[in-house]
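Peer 1: Structure below; questions to follow.
The values are calculated or read from the model by the stated rules, or taken from the named source; none is laboratory data. As the structure is a computational prediction, the values presented were derived from the model and not from experiment. Every residue, glycine among them, receives a Cβ derived from its backbone with ideal geometry; neighbour counts consider all protein chains shown.
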Amino acid sequence: AVKDGRLGTVRSWLNEGGKADTLFDAEGEGGGNIIPYTLLMLAAQHGHVQIVELLLKRGAHINLLCSGSITALNAAAYYGNEQVVDVLLRRGAEIDLQNKNGGTALMVA
C-alpha cells in the first residue's frame, strides 16, 4: 500500500494498530542485497508526500539509519523526489547525517 501510494489503506492500517516504524526486508537495486527498510523510506523513495507526512505524524523516526546505509532523506534525494525532501527537511531530517560509507543526502542528490 505504501509503495503504491494508497493513503487510505495506510491510514486504516495505522488506525488498526500498525506501527509507523515497521521494518521490512527490501531487495536492493538490480535484485541485489536484501536490506532493512522502513515504511517512511519506501514512501520517500516513491515520492508519496501525503504518506510521508502521515507516517511522521504517527511517530516514524525521521533520521533512522537502517543498516547504517540509508535514511528516508537519502531515499528521497537519490530518487529525485524534491517535494518529499522538502517535507523531511522542514520536519527536522538531518541533511548531513552520514551513512556507514561517509555519504550524506547531499552527496546522493
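Peer 1: Considering the stretch 96-109 alone, what residues qualify as being loosely packed, with under 14 Cβ neighbours inside 10 Å, in contact (Cβ under 8 Å) with a residue 12 or more places away in the chain and not in a helix (DSSP H, G or I)?
Peer 2: LYS100, ASN101, listed by residue number.
Peer 1: Among the residues of the stretch 40-72, which ones are aliphatic (A, V, I, L, M) and either within 13 Å of GLY5 (Cβ to Cβ) or at pLDDT 95 or above (or both)?
Peer 2: LEU40, LEU42, ALA43, ALA44, VAL49, ILE51, VAL52, LEU54, LEU55, LEU56, ALA60, ILE62
Peer 1: Right, here's the next one. Would you point out the residue of the stretch 64-90, among those that are in a loop (DSSP other than H, G, I, E, B) and at negative phi, that is nearest to the chain's Cα centre (by Cα)?
Peer 2: THR71
Peer 1: Tell me which residues, restricted to the stretch 45-93, are aliphatic (A, V, I, L, M), surrounded by fewer than 18 Cβ atoms within 10 Å (Cβ to Cβ) and under 19 Å from LYS19 (Cβ atoms).
Peer 2: If the condition is that a residue be aliphatic (A, V, I, L, M), surrounded by fewer than 18 Cβ atoms within 10 Å (Cβ to Cβ) and under 19 Å from LYS19 (Cβ atoms), then LEU64, LEU65 are the ones that fit.
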